[in-house]
Amino acid sequence: VLKHLRHLNFTNNMGEQVDFDEFGDLVGNYSIINWHLSPEDGSVVFEEVGHYNVYAKKGERLFINENKILWGGFSKEVPFSNCSRDCLPGTRKGIIEGEPTCCFECVDCPDGEYSDETDASACDKCPEDYWSSENHTSCIPKQIEFLAWTEPFGIALTLFAVLGIFLTSFVLGVFTKFRNTPIVKATNRELSYLLLFSLLCCFSSSLFFIGEPQNWTCRLRQPAFGISFVLCISCILVKTNRVLLVFEAKIPTSLHRKWWGLNLQFLLVFLCTFVQIVICVIWLYTAPPSSYRNHELEDEIIFITCHEGSLMALGFLIGYTCLLAAICFFFAFKSRKLPENFNEAKFITFSMLIFFIVWISFIPAYASTYGKFVSAVEVIAILAASFGLLACIFFNKVYIILFKPSRNTIEEVRCSTAAHAFKVAARATLRRSNVSRKRSNSLGGSTGSTPSSSISSKSNHEDPFPLPASAERQRQQQRGCKQKVSFGSGTVTLSLSFEEPQKNAMANRNARRRNSLEAQNSDDSLMRHRALLPLQ
């Protein structure tokens, strides 16, 4: 038919020539008629609203006066003539079952997908580091979270770490300035310096957990924390064990002094720390930690954290630290009754208890948190343990040095040591007395009054003419001290005097001989502890 239309032309019944062009299109002029409803009788009225002139220029052939058009006979609003309305950006077309393909429903794009066009057939997925906007018409960058320096939590942790560094430096300065005083000497001066340095490292290592994690900070922070704490606990362990062994020795001979000399103490500290260093080296070589962008925890947030590489290695690092702390706690608890001038055993026991409480609480907190709070939990644990060690071990010493200088004297140290020696001797004497009494009672002995034992070493006589208070204090500082030692079933009055080495060695030996003759009720335990007095 198309082939014949191209060559067809005729005159219609209205006398108009009808032609077809080479494409088969009708060549002619047309009037565009709109059907209106007559407001009078409702009849149909044909209204010309435009025309089509095929002979006009291209672009001017069609003309329509839209103001004259009435839809449905009387309305100027264009009616909706599709099965479904257009889907706006942020939605896609969804198929309606049982309906033609032109009929569809508009479905919102899911989270993480978007559509930026009308009647989109599918939503596009956002890139990995992006997330869909609220109306799903575009993608926006995901929020990045880590324990930043500028957020309030990070600022608070940083301030506490700096405070710890300042307090440790202050204590180190006090110990350095008063390094020749008895209190500092009695606490093993060199190991105390090393212990304070390790605490500085502990407080400083917490700063590696703050800020955006990088590969080098991830690989440095756990070894720095582990080695610092092992160095700290090794110093406490060696100094506590040294004093305990010296006090428990029968006679502190030169062999003990050589065996527990300063070089060996540092060697033991190095060996304990070297084990932790080996653990860290193996960890860094086999499974080094690295920075990790975690997209799985929350859809809209990227958590930048450190992937530890091996949780087993982290467990070995913390486990070895806790093992040394447990051994240190055992020795500290065992030496809790030693003279306070020699060892802060009670305070070390408290510090180890704080250490265990902190790290036992750390394990479930570390396992149950995610994101930036993992680093925050570890920083809190490091700071709490470090402050506990610093406060329990050093603050009481600094208080005595700065505010109680009268207790920081050689006489006070000697009195404390001698009181401990007499207390042990008196306990042994009472123990043997009780055993003898029980034996005599079992053999049918008399049931007299319970004997009491007291040990008194006197080197001063009461003065019938008392001196003024200032003179009396001066005389007491020159002549000695007097203490009462209480124990289970009695009280021992201890009076000792110490003279400065103004005379020759022979006079000193004679004085020691006189003192030993006066202490007639002391036993082998007393002699063992008195032998420590020249070591001061």
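The values are calculated or read from the model by the stated rules, or taken from the named source; none is laboratory data. Computed from a prediction, not measured in an experiment: that's the story for all the values here. Using ideal geometry, Cβ is built from the backbone for each residue, glycine included, and neighbour counts are taken over all protein chains shown. For accessibility, only protein heavy atoms count, side chains too; no ligands or nucleic acids. Shrake-Rupley method; radii C 1.70, N 1.55, O 1.52, S 1.80 Å.
Check region 99-115 and report whether any residue there is open to solvent by 80 Å² or more (accessible area, probe 1.4 Å) and within 41 Å of the chain's Cα centre (by Cα). Yes, that holds for at least one residue. Being over 23 Å from S198 (Cβ atoms), crowded, with 16+ Cβ neighbours inside 10 Å and at pLDDT 70 or above is a property that does not hold for N434.
For region 116-163, the candidate set comprises residues that are aromatic (F, W, Y) and either free of Cβ contacts under 8 Å to residues at least 60 places away in the same chain or farther than 30 Å from A385 by Cα (or both); within that set, the residue that is least open to solvent (accessible area, probe 1.4 Å) is W131.
For region 300-315, a residue qualifies if it is farther than 14 Å from Y366 by Cα, free of Cβ contacts under 8 Å to residues at least 60 places away in the same chain and not hydroxyl-bearing (S, T, Y), and the qualifying residues are G309, M312, A313. Restricting S31, S81 to those that are loosely packed, with under 12 Cβ neighbours inside 10 Å, at negative phi, part of a strand (DSSP E or B) and hydroxyl-bearing (S, T, Y) reduces the list to S31.
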